[in-house]
Amino acid sequence: MADKDVATDRVIAPTRRPDGSLRKEIRIRAGYTPQDEVAIYQPKGAQLRKGLDVPPGYDPTSVAKPKTKAAKKNEKRKEKKQQTVNAPSSQESPASDGVSNISDHLSTLKVSTTGEGQQLNPSEQADSANVTLDKRIRALKKKIRLMELKETSSPGTSLSSEQTEKLEAWRLELQGLEASLASE
């Protein structure tokens, strides 16, 4: 029986090391698969998440879902947008002229640290004002909440006169900001 096992084993011949000595021959049993070639175990859930197997010959792209009205509308909108983007670029002169044009414009520009050149549209100014008001209101509410928490967390001690003055000033400022936000 040992002879049959030996006959089915594969043997890798001894090899010579750089120093001249020989490595032992390597016997590989029949049916042995190296660890690198073994398929990794995957639970059923992972297999389902990866994708369902489809029957042979089934092509999911050929059975496309009909588009909804909104999808069709969005597609038309995208096409129009692409056409408007592509149309002006086709009317321009060659690319070298565009580059020289841009370089001319860049050479005439001046850098200013004062920020005088920054002007927003009226709607953008209103939006940025609302955002800053909202941020300020949130910050004040947080300060008031923290101060009240400090007051209630230690019942034996009360806020100093300076802290109560600050708290009242914050409340008044908060009321003013909320009123100005409501009026806009």
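What to note about this one:
- Any hit, the range 51-64, residues being at pLDDT 80 or above and either closer than 30 Å to Ala169 by Cα or not basic (Lys, Arg) (or both): no
- Number of the condition not met by Ala39 [criteria: (1) on the phi > 0 side of the Ramachandran plot; (2) small (Gly, Ala, Ser); (3) at pLDDT 85 or above]: (1)
The values are calculated or read from the model by the stated rules, or taken from the named source; none is laboratory data. Not measured: the values here are computed from a predicted model.
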